[in-house]
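Notes follow once the structure below has been shown.
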Amino acid sequence: MYEGAVQDLIDELGRLPGVGPKSAQRIAFHLLQADAEDVTRLVTALTEVKAKVRFCDQCGNVAQAERCRICADSRRDHTSICVVEEPKDVVAIERTREFRGTYHVLGGAISPIDGVGPDDLRVRELMQRLASGEVQEVIIATDPNLEGEATATYLSRLLRDVGVTVTRLASGLPVGGDLEYADEVTLGRAFEGRRRVDA
Amino acid sequence: MPLYRDEAIVLRTHKLGEADRIITMLTRTRGRVRAVAKGVRRTKSRFGSRLEPGMVIDVQCYEGRNLDTVTQVETLASYGDAISRDYAAWTAASAMLETAIQLSEEHEPQTQQYLLLAGALRALSERGHDPSLVLDAFLLRSLAVAGWAPSFHDCARCGADGPHRAFNVQSGGAVCPLCRPPGSSAPAPETFALLAALLSGDWDLADASDERHRRQGSGLVAAFLQWHLERGVRSLRLVERA
């Protein structure tokens, strides 16, 4: 146990995800030895993230205004919505530069065992967005695990009668991997989603 | 460190660190086991989908002080994949897996529970019966395996020959007019017949039952389960009934 402020800092750092007591102690002593300017910059960043960052009213992504920069961008294709679980999934898809539409962040996946049902996600907000009639395609990009699949199944059933095209991201073999290490489900889905090769 | 190999059903996963997961499994010979699967969340993980809930696997682990570590996995049956494509079946499977966690003990062999769960998951994936019926059959039978078999014919208190009209969760099932405690429910005779069919595996009778009796039966099964587990099964709230 350290005295006062040092111990308080260790305790607070130790509450962060993935930071154990040893890591918290190491970060605390790093901050103690760092320049005052560096620490002030960190404090400012922490304060500003709480003060300025909010969730986009439309898609649920992190934003600094009512609308995130993607929803506010008129050059994006607003007739296509890609549904993802978390804001970090938006970043992953944006890195591909393949998708020019907008997003909808659900805030997780349906997981009955964790007590998370459809009402705990932003499903109602998605349906409200679709009510305008502008959207023509919904791309379901939930995680390719069983909770993500079950969420996709639920959404596709819900959207069946809405009059939009519903698609799901393809599952298959990762580029750079060996076929012999692929598990049966992944390989089976790769077969399901095989495509014609045009010479 | 000692290595071991066993058949197992993946019950639940928790994220750990950047790319790992803690896998809770019901093994055939070692009871419930918790093991770390390193790098399983990466798209190029050699484990792939094999460690997803509902998968039946042949797993090799090495023992650790608190948690074991998964070293190799082969799929024996990928029920989880088929189940996740049917939302009602997925919610029923979640309730089964959660119940199996609560009814099993770490490192206490529970082969009967293992076989029961594997059979129930197979039934859900084959879509031969209403998922809600498969769930209720599993719950009744797993309670019976745990030593809490309900009685749907004879009086659960005095053993008087049935059928009886009243059902009391605390007493263990059907109760005769003399033993009937205050607050007992009075389900329809068809509901008693349905529950007895689910417990004994009479699927012809169960499949022919009507919606009202299924709902009534599900309510009694849920109450019976929660009384014996002494805590709620969260997934039951989200089970999609037909």
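Residue pairs, Cβ under 7 Å, 6 or more apart or interchain, first in the stretch B:206-226 and under 13 Å from B:Ala137 (Cα atoms), second among the aromatic types (Phe, Trp, Tyr). List them. Within 7 Å, the pairs are B:Leu220/B:Phe167.
Based on this model, can you work out whether A:Ala131 counts as small (Gly, Ala, Ser) and more than 13 Å from chain B (Cβ to nearest Cβ)? Yes. Restricting attention to the stretch B:18-48, the residues that are facing chain A (nearest Cβ under 9 Å) and among the β-branched types (Val, Ile, Thr) total 1. Just one of the numbered conditions (1) under 15 Å from the mean Cα position of the chain (by Cα); (2) over 22 Å from B:Arg41 (Cβ atoms); (3) within 14 Å of chain B (Cβ to nearest Cβ) is not true of A:Ile140: (2).
In the stretch B:188-241, the residue that is surrounded by the fewest Cβ atoms within 10 Å (Cβ to Cβ) out of those that are within 14 Å of chain A (Cβ to nearest Cβ) and within 13 Å of B:Val134 (Cα to Cα) is B:Arg241.
Picking from residues in the stretch A:18-54 that are touching a Gly at 6+ places or on another chain (Cβ under 9 Å) and not in a helix (DSSP H, G or I), the one that is nearest to A:Met127 (Cα to Cα) is A:Gly18.
Within the stretch B:167-196, which residues are closer than 18 Å to B:Ala222 by Cβ and outside any loop (DSSP other than H, G, I, E, B)? Quick ask: steps written out before the conclusion?
As a first pass, look at the stretch B:167-196 and keep what is closer than 18 Å to B:Ala222 by Cβ: B:167-174, B:183-188, B:191-192, B:194-196.
The answer is B:Phe167, B:Asn168, B:Gly173, B:Ala174, B:Ser185, B:Thr191, B:Phe192, B:Leu194, B:Leu195, B:Ala196.
Considering only residues that are among the charged types (D, E, K, R) and either touching a residue at least 12 places away in the same chain (Cβ under 8 Å) or in contact with a helix residue (DSSP H, G or I) (Cβ under 8 Å, 6 or more places away or on another chain) (or both), which ones fall in the stretch A:107-164? Don't jump to the end; show me each part of the working.
Let us first name the residues in the stretch A:107-164 that are among the charged types (D, E, K, R), namely A:114, A:119-120, A:122, A:124-125, A:129, A:134, A:137, A:143, A:147, A:149, A:157, A:160-161.
Across the stretch A:107-164, the qualifying residues are A:Asp114, A:Asp120, A:Arg122, A:Glu125, A:Arg129, A:Glu134, A:Glu137, A:Asp143, A:Glu147, A:Glu149, A:Arg157.
Only one of the numbered conditions (1) facing chain B (nearest Cβ under 9 Å); (2) farther than 19 Å from B:Gly80 by Cα is not met by A:Ile113, and that is (2).
The rows are residues; the columns are (1) within 12 Å of chain A (Cβ to nearest Cβ); (2) free of Cβ contacts under 8 Å to residues at least 24 places away in the same chain; (3) outside any loop (DSSP other than H, G, I, E, B); (4) crowded, with 24+ Cβ neighbours inside 10 Å.
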| position | (1), (2), (3), (4) |
| --- | --- |
| B:Arg50 | yes, no, yes, yes |
| B:Ile57 | yes, no, yes, yes |
| B:Gln60 | no, no, yes, no |
| B:Arg65 | no, yes, no, no |
| B:Thr69 | no, no, yes, no |
| B:Asp81 | yes, no, yes, no |
| B:Ala93 | yes, no, yes, yes |
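If you go through the stretch B:227-242 and pick out every residue that is without any contact (Cβ under 8 Å) to a residue 40 or more places away in the chain and within 15 Å of B:Trp90 (Cβ to Cβ), you end up with 1.
Given the criterion surrounded by fewer than 18 Cβ atoms within 10 Å (Cβ to Cβ) and at pLDDT below 90, identify the matching residue among B:Thr43, B:Thr29. Let's see the steps before the verdict.
On the way: B:Thr29 fails: at pLDDT below 90.
When all the criteria are applied, what remains is B:Thr43.
Set side by side, the residues A:Gln64, A:Gln7, A:Gln58, A:Gln25 differ, and just one is in contact (Cβ under 8 Å) with a residue 60 or more places away in the chain, of a type outside the set (Lys, Arg) and surrounded by 10 or more Cβ atoms within 10 Å (Cβ to Cβ), which is A:Gln58.
If the condition is being at pLDDT 90 or above and of a type in the set (Asp, Glu), then the stretch A:145-199 contributes A:Glu147, A:Glu149. Reported count of residues in the stretch A:151-180, each being more than 22 Å from A:Arg129 (Cα to Cα) and facing chain B (nearest Cβ under 8 Å), is 3. Checked against (1) in contact with a Ser or Thr (Cβ under 8 Å, 6 or more places away or on another chain); (2) among the charged types (D, E, K, R); (3) closer than 26 Å to B:Leu67 by Cα, B:Asp136 passes all but condition (3).
One residue is enough: does the stretch A:85-99 have a residue meeting the conditions part of a strand (DSSP E or B), modelled with pLDDT of 95 or more, of a type outside the set (Val, Ile, Thr) and within 30 Å of B:Ile83 (Cβ to Cβ)? Walk me through it before giving the result.
Let us first name the residues in the stretch A:85-99 that are part of a strand (DSSP E or B), namely none.
No, the stretch A:85-99 contains no residue that is part of a strand (DSSP E or B), modelled with pLDDT of 95 or more, of a type outside the set (Val, Ile, Thr) and within 30 Å of B:Ile83 (Cβ to Cβ).
The values are calculated or read from the model by the stated rules, or taken from the named source; none is laboratory data. Just so it is clear, the structure is predicted and the values come from calculations on it, not from any experiment. No Cβ is skipped: glycine too gets one built from the backbone with ideal geometry, and neighbour counts run over all protein chains shown.
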